[in-house]
Structures are given as C-alpha cells and as structure tokens.
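Asks: Questions regarding the structure given below will be posed in turn.
Since every read-out is calculated from the coordinates, none of them should be taken as a lab result. All values reported here derive from a predicted model rather than from experimental measurement. Methodologically, a virtual Cβ is constructed for each residue, glycine included, from the backbone with ideal geometry; neighbour enumeration extends over all protein chains shown.
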Ligand SMILES: NC(=O)c1ccc[n+]([C@@H]2O[C@H](COP(=O)([O-])OP(=O)(O)OC[C@H]3O[C@@H](n4cnc5c(N)ncnc54)[C@H](OP(=O)(O)O)[C@@H]3O)[C@@H](O)[C@H]2O)c1
C-alpha cells in the first residue's frame, strides 16, 4: 500500500519547480493528481511525465487569485475523480526591489496571488473535503514567512500572512477533519531561485548551517508526510525545510 493510494490531490503551481516535484511524487505514491497554474505548457509537461511513469494526472489552467478560475478547477477535479482529499498550494510570485520603489499596485498583486489565492483555494476545497470526511491542505510558505531579508517586502509580508492564514484555518477546520499545515522552504534550487542567485549565494555562505541549497525533492517529501495519514496528529504546523537557516 502506497502512502496516497485512493487519494485525489490538487497541486496549485504544479507545472514547475517544487509543485511539479510534489505532483510527480504524489502520483508515484498512488494519488490521482490535478495540476493547476496559469500557463498550459508546464502543466502539460508535468501531466505527460506522470502518465509516462504510469500515474494518473490532468491539468487545469487558471489563476489562484481569481475565484472563477478556482471554481473551474474544483468542478473539473470533481468531475474527473469525484472529489478532493489533498491540496498542495505551491503557487506564488515574488518581486524584488527596494521598499521605497515598489508601487502599492505591485505590492497588492503579490498579496493577491500569494495570500488571497491561498485563501480562495482553502475556502474552495473545504466543501469537497467535508464530503470525503476530511482532508489535508499543505501551503508552501517560506523561511521568509518566519524571518525577513531586505528587498523582498511584499513577498515576506505575503508569506508571513500565509503562515498565519494556515494556522487560523487549521484551528477552524478541526471539526471537519481537515488538517492545514505549511512547508517552509529556505533556499531551493529551482527557477525562482535562479533569479536571485547573488542573494542565494550569500545565504549559502552565511546563513544555512547545512551549507547548501535544498532540492525540490526535499520539499516534496515534506509535503508527502503532511498529505498522508502519517501526520494525522499534525495540524497548524510550519515545517521548516531550510537546512537549519531559521534555527541559526
Ligand atoms: N525556490 C525556493 O528557493 C523557494 C524558497 C522558499 C519558498 N518557495 C516557495 O515555493 C513555492 C514554489 O516555488 P518554486 O521555487 O517551485 O518556483 P516556481 O517554479 O516559479 O513555482 C511557482 C508556480 O506558481 C505558479 N503560479 C504563479 N502565479 C500563479 C497564479 N496567479 N495562479 C496560479 N499559479 C501561479 C507558476 O506557474 P504559472 O506561472 O504558469 O502560473 C509556477 O508553476 C512558492 O510558493 C515559493 O514561494 C520557494
């Protein structure tokens, strides 16, 4: 018996990076997977990789910050596989720049995707998870939801808010049998990481006790634990996957 046999998992941001690695791992562990994101091409690549490996997957295009897109995602998942047991929310954008040069509109756009999107997804899956007698929601937060660095104010604010949203939802959804947790990566080798190579090198040199970046599989394994029944007593937690960064 695999960890997610019989489960249906939605992975927002499942076309690339951490979301893709999580989608592939979950499918290998028996889940039927729906990947969601704005661009069709990366979703198609993830779906093809999962099917090649013998798993079940489908893709839905849309924006996590748009209620109508999330409604369409949930309806498509229900019609394909009857319901939802697991949500992993890996969708996010980041914006680098001095606080004094960021417009209110750009700040709001980061919150719209990273925080309001998380809320829309969470609220949306609750009725479907109730129908199944419970479920597991995993948000990909960040070490920058716990500590701060300069030049990333909207992202830091959005991830701090996301960690607290997850705790609030965890407490409120206990009666529904729905667990809500956060995986908080430090610096992970993905496309998002390459954009901030200098920043990452500094972190590696000074901030990360393990002394290297993580890989997407490190984060996917933490998501698998929180999605599966192995973590049945765990809700409202923020699991750092950061090589010791936030502990140091
Ligand atoms: N890599 C790191 O070092 C690191 C560290 C800490 C936390 N994280 C977090 O890990 C998660 C995954 O990041 P990643 O490193 O794997 O980067 P990534 O490859 O850029 O993943 C982000 C995903 O989010 C999707 N996305 C962005 N805006 C969206 C929207 N409005 N609606 C739906 N989907 C949207 C993107 O697809 P589309 O563009 O096609 O929509 C993409 O697939 C993020 O939450 C990030 O904040 C990453």
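Asks: Using only helices, what value at 222 nm comes out for the chain when you add -39,500 (n - 2.57) per DSSP H run of length 4 or more and divide by the total residues, to the nearest 500 deg cm²/dmol?
Replies: -13500 deg cm²/dmol
Asks: Can you tell which of 127, 154, 175 shows the greatest fluctuation in a Gaussian network model of the chain with Cα springs below 10 Å?
Replies: Result for the chain, Cα springs under 10 Å: 175 fluctuates most.
Asks: Continuing with the same structure: Angle, helix 17-28 long axis vs. longest principal axis of the chain, Cα atoms, 0 to 90°, nearest 10?
Replies: Roughly 30 degrees, rounded to the nearest 10.
Asks: Between residue 168 and residue 131, take the C-beta separation as r, use R0 = 30 Å, and let me know the FRET efficiency to the nearest 0.05.
Replies: 0.85
Asks: Still on this structure: Work out how much length residue 99 to residue 1 would gain on full extension: take 0.36 nm times their residue separation and subtract the Cα-Cα distance, in nm to one decimal.
Replies: Working: separation 98, 0.36 × 98 = 35.28 nm, distance 5.02 nm.
Length difference between fully extended and current span is 30.3 nm.
Asks: Do you know the relative contact order of the chain, to the nearest whole percent, from alpha carbon pairs under 8 angstrom that are 6+ apart?
Replies: Here the relative contact order equals 19 percent.
Asks: Which residue fluctuates the most in the chain, going by a Gaussian network model with Cα springs under 10 Å, if the choices are 28, 230, 157?
Replies: Result for the chain, Cα springs under 10 Å: 230 fluctuates most.
Asks: To the nearest 10 degrees, how steeply does helix 216-227 sit against the main Cα axis of the chain, on a 0 to 90 scale?
Replies: For 216-227 against the chain, the angle is about 50 degrees.
Asks: Let me ask you something else. Between helix 153-172 and the chain, what is the angle of the helix's C-alpha long axis to the longest principal axis, kept within 0 to 90° and rounded to the nearest 10?
Replies: Result, in degrees: 40.
Asks: How many nm is it between the label spots at residue 232 and residue 198, if each spot is 7 Å from the Cα in line with the beta carbon?
Replies: Placing both labels 7 Å beyond Cα along the Cβ direction yields 5.2 nm.
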